[in-house]
């Protein structure tokens with residue numbers, strides 16, 4: 001006589017159970033954790049195409065439970081990135097937040113957005129980064145990877161995932177970035193003669209002959225520009241502010257006072273007179289607490305606005321491909337011209353506010369003196385008309 005079949009035993013507290021679900025066409029794994037305060041069975045579940053996959057997910061689930069992590073099964077990469085952008089960047093500049101958002105929208109969420117965060121694995125991320133390496137530079141790849149890593153870290157801190165899988169992968173080498181260029185002396189002379197009387201001309205003169213960063217030139221105030229110092233000293237500019245958070249310069253040692261060569265002082269003084277006349281015609285009060293290079297509304301210019309105007313100036317100067325130049329290359333040109341003129345690299349580093357050398361140990365914070373004069377003196381010689389005539393005479397004699 002056949003023995004009656006026994007009913008399947010219910011999994012005990014903490015035990016696993018794996019079964020086939022015909023409706024979902026997948027294996028389901030569950031862990032029995034007793035009952036909730038409401039009297040319902042507490043059985044977190046996972047699913048997979050094979051029992052092996054389900055067992056692995058059950059092991060990961062138990063690790064999460066032991067760590068006190070209550071990771072939602074449906075929480076996606078898209079949600080993690082969105083949460084980080086809205087909650088994890090408080091106090092950051094809006095421009096920085098927008099940059100991260102663009103990187104996420106263009107490179108992270110299209111490929112990974114629908115993936116469940118707890119199921120994301122290193123192999124998938126390796127393939128994703130390898131694919132991105134075909135079109136992005138190494139630096140861009142690092143930034144894209146950073147967006148994902150920081151998004152997962154934000155979710156991890158909030159108990160939505162046990163581990164940060166983005167920390168387990170290495171960023172591959174991407175495409176070579178566009179090499180930075182420097183203006184030749186003849187090109188620099190052409191640029192300095194283009195667009196005279198315009199604000200962009202004054203901006204270029206200050207950047208090329210003094211070596212300030214674009215992020216330092218855009219927020220520059222008139223109170224920090226001294227074309228005719230009251231004490232009879234050298235014309236100079238106080239590089240004490242930037243567009244960075246809190247108006248701080250890039251580094252502590254970037255805060256410095258720099259002498260202006262005669263040409264720069266003359267152009268900036270003329271720019272001040274023009275701006276005063278323009279403000280008076282518009283019925284706007286001019287003060288020395290205003291911006292040196294404001295936009296039409298009197299506000300801070302964007303980097304994009306300056307870059308567009310620079311390229312228009314380069315076109316006027318006869319450049320064939322002005323779109324291939326950026327504002328930061330005015331600063332690299334400053335360094336290159338000084339180096340070609342024989343100025344020691346240690347002195348150049350001091351002028352441009354770089355850190356890491358002995359000559360930059362002395363910083364100029366909250367004081368007008370001493371003013372770094374080496375760059376201004378060299379630029380006076382490099383772009384001296386007398387020097388140019390002397391060179392022509394020497395060449396003719398040869």
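Among the residues of region 152-178, the ones that are in a loop (DSSP other than H, G, I, E, B) and closer than 21 Å to residue 57 by Cα come to 8 in all.
One line per residue, one yes/no per condition, for (1) in the same structural domain as residue 192 (by TED's automatic domain parsing); (2) out of contact with any strand residue (DSSP E or B) (no Cβ under 6 Å at 6 or more places or on another chain); (3) exposed (fewer than 15 other Cβ atoms within 10 Å of the Cβ):
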| residue | (1), (2), (3) |
| --- | --- |
| 256 | yes, no, no |
| 276 | yes, yes, yes |
| 287 | yes, yes, yes |
| 291 | yes, yes, no |
| 326 | yes, yes, no |
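Working carefully through the options 192, 183, find the one that is assigned to a loop (DSSP other than H, G, I, E, B) and touching a residue at least 60 places away in the same chain (Cβ under 8 Å). Result: 183 is the single residue among 192, 183 that is assigned to a loop (DSSP other than H, G, I, E, B) and touching a residue at least 60 places away in the same chain (Cβ under 8 Å). Within region 142-151, the only residue that satisfies the criterion of being touching a helix residue (DSSP H, G or I) at 6+ places or on another chain (Cβ under 6 Å) and either over 15 Å from residue 89 (Cβ atoms) or not in a helix (DSSP H, G or I) (or both) is 144.
Here is a yes/no grid of residues against (1) at positive phi; (2) surrounded by 16 or more Cβ atoms within 10 Å (Cβ to Cβ); (3) at pLDDT 90 or above:
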residue: 29; (1), (2), (3): no, yes, no
residue: 42; (1), (2), (3): no, no, no
residue: 81; (1), (2), (3): no, yes, yes
residue: 100; (1), (2), (3): no, yes, yes
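Could you identify the single residue in 297, 269 that is in the same structural domain as residue 193 (by TED's automatic domain parsing), within 26 Å of residue 328 (Cα to Cα) and modelled with pLDDT under 95? 297 is the lone residue from the list that is in the same structural domain as residue 193 (by TED's automatic domain parsing), within 26 Å of residue 328 (Cα to Cα) and modelled with pLDDT under 95. A count restricted to region 116-133 and to residues that are within 25 Å of the chain's Cα centre (by Cα) and either within 11 Å of residue 168 (Cβ to Cβ) or buried (at least 19 other Cβ atoms within 10 Å of the Cβ) (or both) stands at 5.
The residues in region 83-96 that are part of a helix (DSSP H, G or I) and surrounded by 15 or more Cβ atoms within 10 Å (Cβ to Cβ) can be counted, and the count is 3. Of the residues making up region 196-222, those that are assigned to a helix (DSSP H, G or I) and in contact with a strand residue (DSSP E or B) (Cβ under 6 Å, 6 or more places away or on another chain) number 2.
Here is the figure for region 111-139: residues that are part of a helix (DSSP H, G or I) and either assigned by TED's automatic domain parsing to the domain that holds residue 59 or under 22 Å from residue 156 (Cα atoms) (or both) total 12. Is it true that residue 104 is within 30 Å of residue 303 (Cα to Cα), free of Cβ contacts under 8 Å to residues at least 40 places away in the same chain and in a helix (DSSP H, G or I)? Judged against the criteria, residue 104 is not a match.
With respect to residue 125, determine if the residue is at pLDDT 90 or above and in contact with a strand residue (DSSP E or B) (Cβ under 8 Å, 6 or more places away or on another chain). In short, no.
The values are calculated or read from the model by the stated rules, or taken from the named source; none is laboratory data. Nothing here was measured: the structure is a model prediction, and the numbers come from that model. Quick reminder, even Gly has a Cβ in these numbers, built from the backbone with ideal geometry, and neighbours come from all protein chains shown.
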